[in-house]
């Protein structure tokens, strides 16, 4: 099923308004106020195309995939496999064999951490990043514990006293990339700082030492154009729900030779070729890693979801939204950086350094939870707490923080409303 | 005021505000004006588990009543605790255990909190009740210890102890103790070790009457085995010298 978007023309404001209309949740009211949804790093709101697709899939295409000979099952399988094709094109993977559906970024990383690290030995090293969220830390710790491997961390500037921007210290790699390192787990874009890590540069350094690299793309898939072949990563993980799709669906991209080497993660369902009580042979890629009934409705919704993502980034719409996003980023940085009482976590140290519109900060003497609660009463949805990245947040000297994260459908007007409400809440709390 | 009455007062205070921003402002102001807890009370033990913001709750007991102090790094949370403290402060553990507070729902606080904060509120309430249960047990234990002590003395023994105590109380004008003076008409030790004393004064116009009664009360209260004292002052019949004991009369040279 293909949904075509008619090319849009008109003023930038018109384009933004029409785009927002496609996402019904953006028209909600909360506590008597118009909803201003700024928790997009946690999950994004869904366009009508995705909602309709899911409704239709459950009504007209609902049968278990890859199993049966009847028409209805065929339709479900076709939709599921079409989404795989769509993902493959979206991230420029060589083949659909490289695309494994999982239940989310976390499941994708766990799959690799668990299966890849089974062959590790005592004393081997796994290299992760200091700016990772828990999903790209804990699976590696669990895997390391099983074999007696060691998890080492690429620091941010704070950890080695080189600054306080939260930027990854790539220079530290020279020392860290020893012969003992068996795999490197990177974060494409941090969910706290919004800073873009130079993944390509790090990957080529790792590959020079024959070390495979997994990239956590939970935020990267939304805020950058991902080309897994150009990036040359060995694994790339992301969730559907952060890119306008359904919850409970994730993608693991993997290079074919690596995926073939890895043992199966879970057993059961459709991941087999032949089963006897003594021995089982496994299905070829990608089904080898898709045990049990997959979330075939949710996975299929990636087709309209990624079409929506493409619509948001291409043509006149793409230009208008990109310009708006840059305006918002500049505005937010100006406001937050000039305020002496604001501590912003993740400051770009140069004009050309990539920063996505994710703003995590604290206001001195004010509890982030209090701010979030008052903002909620003014219709604004923002995150407060640890953002599932406790070690990084602690490195900034914070035990909790407020995070406003924007999506392409957010507007400058919303950014300004957020700032004025933030000031109002702040006055109440001081 | 009872817990219910204080709750009612809070409910009425919140009726004044017609929107949640104002209600929050009020809660914030309560949080700001809350007495500061001593740093030494911010212990790991006093930290409430399950609160997204950090909350410390301390409790002390005085004369069988509980008093709370608290702190939090979040001001709205602090305001909410101050409401809870206002409701529960100065009540007995039993009253706190039996109470089922309503104001949180009536003023819409629970439904207007984020789920994580609402869970925190539940944790705070739970902690207050846990304190009450703990102090209740402690108070009960002390009481049963006292009861055991009382039962060590028989009623006759307590009667003797009371008389010994009465013999230590002297009339301010006559150097003879109140018992030998014959001012004590009746000493009755009851089953529950409460002591009933009927007594008189040498004259209905005695200016020191109050002092004498108070001295008697103190002396008898302190007598071993005595739980409570009730004194009745009477001038019926009137006192006269014939009521004095022989020792007293000897002492005063009346014999």
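Since every read-out is calculated from the coordinates, none of them should be taken as a lab result. Bear in mind that the values here come from a model prediction, so they are computed numbers and not experimental data. Here Cβ is always computed from backbone atoms with ideal geometry, including for glycine, and neighbour counts include all displayed protein chains.
Quick look at the numbers
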read-out	value
Shape of region A:1-114, Cα gyration tensor, a/c cut at 1.5	prolate
Estimated inter-spin distance, residue A:333 and residue A:420, nm [label 7 Å along Cα→Cβ]	2.5 nm
Structure-based [θ]222 nm, chain A - -39500 (n - 2.57) summed over DSSP H runs of at least 4, per residue, nearest 500	-11500 deg cm²/dmol
Helix B:3-15 axis, angle to chain B major axis (alpha carbon atoms, nearest 10°)	40 degrees
DSSP-defined antiparallel bridges as percent of all bridges, region B:155-251, nearest 5	50 percent
Normalised contact order of chain A, rounded percent, pairs of Cα under 8 Å and 6 or more residues apart	22 percent
Net length gained if the chain between residue A:282 and residue A:257 were fully extended (0.36 nm per residue, minus Cα distance)	7.4 nm
Region A:54-307: antiparallel DSSP beta bridges as a percent of all, rounded to 5	50 percent
Cα gyration tensor, chain A - rounded (a/c under 1.5), prolate or oblate	oblate
Listed residues A:209, A:338, A:48, most fluctuating in chain A (Gaussian network, C-alpha, under 10 Å)	A:338
Region B:155-251 shape via C-alpha gyration tensor axes, a/c threshold 1.5	prolate
Shielding score for A:249-259, defined as the mean number of other chain Cβ atoms within 10 Å	0
Nearest-0.05 FRET efficiency for residue B:126 and residue B:206, computed from C-beta distance (R0 56 Å)	0.45
Value of relative contact order over region A:54-307, rounded to a whole percent, pairs C-alpha under 8 Å and six or more apart	24 percent
Residue among B:15, B:66, B:125 with the largest mean-square fluctuation in a Gaussian network model of chain B, springs linking Cα atoms under 10 Å	B:15
Segments A:143-151, A:113-121 sorted - mean Cβ within 10 Å per residue, highest first	A:113-121, A:143-151
Cα long-axis angle, helix B:209-222 against chain B (0 to 90 degrees, to the nearest 10)	70 degrees
Using alpha-carbon coordinates, inclination of helix B:115-150 to the longest axis of chain B, degrees	10 degrees
Taking chain B and dividing mean pair separation by its residue count, relative contact order in percent (alpha carbons under 8 Å, at least six apart)	14 percent
DSSP beta bridges in the protein assembly as shown [antiparallel fraction, %, rounded to 5]	65 percent
Burial ranking of peptide ranges A:102-109, B:94-101, B:138-145 (average Cβ count within 10 Å, highest at the top)	A:102-109, B:94-101, B:138-145
10 Å Cβ neighbours from other chains, averaged over peptide B:72-78	6
Per-residue [θ]222 nm for chain B (sum of -39500 (n - 2.57) over DSSP H runs n ≥ 4, rounded to 500)	-15000 deg cm²/dmol
Candidates A:323, A:93, A:79, ranked by Gaussian network fluctuation over chain A, Cα under 10 Å, top entry	A:323
